[in-house]
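Bear in mind these aren't lab numbers, they're just calculated from the coordinates by the rules spelled out. Just so you know, these numbers come straight off a predicted model, no measurement behind them. Note that each Cβ is placed from the backbone with ideal geometry, even for glycine, and that neighbours are counted across all protein chains shown.
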Amino acid sequence: MDGQARKTQTNRRRGALALLAGLTLLASVGQAAAACLDAGNLRGVNLAGAEFNSKKRPGVMYQDYTYPSASEIDYYAKKGVNAIRLPVRWERVQRELYAELNDQEMNAISKTLGLARDRGICLILDIHNYGLYNGNPIGSSDVPVDAFHDLWLKIADELGDPEYLALDLMNEPFKLEIATWSDIAQSTVTALRDAQAKQLIFVAGGRWSGVHEWNKTFSGTSNAQAFADLRDPLDRTVLEVHQYADEYYSGTKEVCHPPDHFNPMFESIEQWAQTNGQQLFLGEFGVPASEQCLASLERMLSLMGNTNVWRGWTYWAGGAWWGDYFLSIAPQDGQDSAQMDVVEPFLEANRCPEGGRTDCPMPPQDLEVDGN
């Protein structure tokens, strides 16, 4: 596709999204809050699927990987979710470094963004690549840092919509040294702001972004040291952490640490954030459905009550393709999961209209938008 054709298609995509946004606001009760930029807490779920079968690059959409449906998003919206983290693969969004973004992938992301916006939900777009592109680390000769900048500058420009789109730069960059990743992250934030990008940005801690090891030193530095001075001239960058409840914090085992085990680590990182003027977001956490694991889930949710520090959280994970995955929060046969039974009370303030909100956007009626 030549440059003019791509520009025309991008403008059409933006126009459709803008039309959706305008009609949603007109249909809302009162003035709808900007979901991503509102000062309130973001609470929600990862909707996994677009990052599945990552060895198939790019793979076939809806055969090797999938995007959320309107009915999936409706389910979580009715529960009170106001944030969805959407994991995607860099190699699918951008088939070659520095290339234009892939039309099919961007159309799917744009459609998901529109579905989220119609329901007053912030869509957090997560590049789920662990610090790599086609197996090569960012910052290597194969994947220069400015190639990573190029990806995000194009995404931010093409999708726009800072009220309902947030940029999650990189999931669990464990293939990079912590100090290397912190430098890359800061330079990417700077590049985005220099280009006048206004979106909320999430920067994951190094390695697996664990709360439990935030102060632990690896190769001469810790996340606590490396990210203490992370800065954004717009004050719209949040540090993302992850925390699973099982023995090695990997999210792969079915036995969990007891609830009290998590108090010290959450209290420690909260104090660190207050001292260093940072905000935190728990981007991944999940448990099996056993009694102790569910108690630990409830404890973690309770430990994030300080909304001056905790910008919010997204549970791992929902998604239609999980099947019997033991951390899944998706309903089965029309029944809520045990995990949802624990999470839902923490969503009640976001629910419309039961939660008492008067700013809840309603979807436009009888509106069709060409997503092709």
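Data table
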item: Interchain or long-range residues, amide H under 5 Å from Arg43's placed H; result: Asn82, Ala83, Trp313
item: Gain on full stretching of the segment that runs from Lys78 to Gln196 - 0.36 nm per residue minus C-alpha separation; result: 39.1 nm
item: Residue-span extension gain [Lys56 to Gln332] - 0.36 nm each, minus C-alpha spacing; result: 96.6 nm
item: Aspartates and glutamates with Cα under 16 Å of Lys253, excluding same-chain neighbours fewer than 8 positions away; result: Glu284, Glu291, Asp324
item: Under the Karplus curve 6.51 cos²θ - 1.76 cosθ + 1.60, θ = phi - 60°, whole-Hz ³J(HN,Hα) for the range 274-280, x wherever Gly or Pro sits; result: 4, 5, 9, x, 10, 10, 10
item: Full-extension gain in nm, Val145 to Thr275, via 0.36 nm per residue minus C-alpha separation; result: 43.8 nm
item: Inter-label distance for Arg95 and Ser250, nm, one decimal - labels placed 7 Å from Cα along Cα-to-Cβ; result: 3.6
